[in-house]
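Novice: This is the structure, below, for whatever I ask next.
Values in this text are rule-based calculations from the coordinates and carry no lab data. Everything numeric in this text was worked out from a predicted model, so none of it was measured. Reconstructed Cβ throughout: ideal geometry from the backbone, glycine too, with neighbour counts over all protein chains shown.
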Amino acid sequence: MIEYVKIPNIFRRETFGKNKLIDGEYSLLELEYLKDNLWEFTEKVDGTNIRIVWDGYRVSFFGRTDKADIPKHLSAKLEELFGGESKEEIFEQTFGKKEVILFGEGFGEKIQKGGGLYGPVNFILFDVYIGGYWLDRNSVADIAHKFGVQRVPSLFVGNLDAGVKFIKTHPLSVLRDAEMEGIVGRPLVQMFSRTGERIMVKIKCRDF
């Protein structure tokens, strides 16, 4: 089963001292090439990676890896959101016997340091993988609506420089009364590297 890709930071880090980011020195050639294109930026949620897997017959829950443990109170919330006969029927109506992975973040109380600032434990959706394809943002939003869960907040559209400038203001989170962890950017038109990886980027407040 596939795991979610590790999203690269926008800039390279110094290999000495405090290992700060080198402002303007992009971590990947693809990012430098696409820096002036339009990207959609969403809030990066500080939680734990969760995979909701529909195998065509039943639903299962996994962490970032197949061996990762899911906290009991989060498992109970996932069962509430995606378990039971009625939700199984929604999976069947939506996907049939196709294998699907809903990627999201478990967040909230007792998830990561300061997780309680988000409120009670919950799940938020950011990606859907089905039949070898990643769905576009509108389709992901539609699936989130069908299951009654949140999709990661879309903040703005702009180039990579706009993303860096935004994070340098240390903005407040849309989801909690505190500074946001950061943002995740994706080209408005889904793009892939020569190794087949989707092109995405993260920009974190603590780096600026």
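Novice: Can you compute the helix-only [θ] at 222 nm over the chain? Use -39500 (n - 2.57) per DSSP H run of at least 4 residues, normalise by all residues, nearest 500 deg cm²/dmol.
Specialist: Working: 5 runs with 48 residues, N = 208.
Taken over the chain, the calculation gives -6500 deg cm²/dmol.
Novice: Sticking with this one: For the stretch 148-159, just list the computed ³J(HN,Hα) in residue order, Karplus coefficients 6.51, -1.76 and 1.60, θ = phi - 60°, integers in Hz, with x standing in for Gly and Pro.
Specialist: x, 10, 7, 9, 3, x, 7, 9, 6, 10, x, 7
Novice: If you place +1 on the Cβ of every Lys and Arg, -1 on the Cβ of every Asp and Glu, and leave all else neutral, what size is the dipole of the chain about its Cα centre, to the nearest 20 Debye?
Specialist: On the way: 30 positive and 31 negative charges, 102 e Å.
Charge dipole, the chain, about its Cα centre: 500 debye, nearest 20.
Novice: Just going by the charge dipole of the chain, with Lys and Arg at +1 and Asp and Glu at -1 on Cβ, which of Ile10, Gly158, Val184 is farthest out on the positive end?
Specialist: Of the listed residues, the answer is Ile10.
Novice: List the residues of the stretch 137-152 whose backbone N lies under 17 Å from a point placed 7 Å from the Cα of Leu188 along the Cα-to-Cβ direction.
Specialist: In the stretch 137-152, the label zone of Leu188 (backbone N under 17 Å from the point 7 Å along Cα→Cβ) covers 137-139.
Novice: Moving on. log₁₀ I(q)/I(0) of the chain at q = 0.07, 0.08, 0.11 Å⁻¹, via Debye over equal Cα point scatterers, no solvent, to two decimals?
Specialist: Summing over Cα pairs of the chain leads to -0.22, -0.29, -0.55.
Novice: Another question, if that's okay. Which one of Ser173, Ile52, Gly148 is farthest out on the positive end of the charge dipole of the chain, using unit charges on Cβ (Lys, Arg +1; Asp, Glu -1) and the Cα centre as origin?
Specialist: Ranked along the dipole, the leading option is Ser173.
Novice: Here is a follow-up. Students often forget the sequence filter, so: which lysines lie under 16 Å Cα-Cα from Lys202 once same-chain residues fewer than 8 apart are removed?
Specialist: Lys6, Lys20, Lys35, Lys44, Lys165, Lys168
Novice: Suppose R0 equals 30 Å. What FRET efficiency, 1/(1 + (r/R0)^6) with r the Cβ-Cβ distance, do Tyr33 and Val174 give to the nearest 0.05? Display every interim value, and only then the final one.
Specialist: Working: r = 30 Å, r/R0 = 1.00.
With R0 = 30 Å, the Cβ-Cβ based efficiency is 0.50.
Novice: For Glu179, list long-range residues whose amide hydrogen, built 1.01 Å from N in the peptide plane, is under 5 Å from its own amide hydrogen.
Specialist: Amide H to amide H, under 5 Å and 5 or more residues apart or across chains, Glu179 pairs with Ser173.
Novice: Pop out the ³J(HN,Hα) list for the stretch 104-117 in order, Karplus 6.51 cos²θ - 1.76 cosθ + 1.60 with θ = phi - 60°, rounded to Hz; leave Gly and Pro as x.
Specialist: x, 10, x, 8, x, 3, 6, 10, 6, 5, x, x, x, 5
Novice: Same structure again: Hey, can you grab everything whose amide H is under 5 Å from the amide H of Val128? Only 5+ residues off in sequence or another chain; H modelled, so Pro and N-termini drop out.
Specialist: Placed amide hydrogens put Phe103, Leu135 under 5 Å from Val128.
Novice: For the stretch 48-151, build the charge dipole from Cβ charges (+1 Lys, Arg; -1 Asp, Glu) around the Cα centre, then report which of Phe62, Ile130, Tyr118 sits farthest towards its positive end.
Specialist: Tyr118
Novice: Report relative contact order for the stretch 39-178 in percent, whole number only (criteria: Cα-Cα under 8 Å, sequence separation at least 6).
Specialist: Numbers: 227 pairs, mean separation 41.0, N = 140.
Rounded, it is 29 percent for the stretch 39-178.
Novice: Can you work out the Karplus-derived ³J(HN,Hα) for every residue in the stretch 14-28? Use 6.51 cos²θ - 1.76 cosθ + 1.60 with θ = phi - 60°, whole Hz, and x for glycine or proline.
Specialist: Per residue, the Karplus-derived 3J(HN,Hα) values read 4, 9, 8, x, 8, 6, 6, 5, 8, 4, x, 9, 5, 6, 9 Hz.
Novice: How would you order 17-27, 184-194 from highest to lowest mean count of nearby Cβ atoms within 10 Å? Working shown, then result.
Specialist: On the way: 17-27: 12.1, 184-194: 14.9.
Ranked by mean Cβ neighbours within 10 Å, highest first: 184-194, 17-27.
Novice: Please report, in debye to the nearest 20, how large the charge dipole of the stretch 29-112 is about its Cα centre when each Lys and Arg carries +1 at its beta carbon and each Asp and Glu carries -1 there. Could the numbers behind the result be given before it?
Specialist: Numbers: 12 positive and 18 negative charges, 57 e Å.
Its charge dipole is roughly 280 debye.
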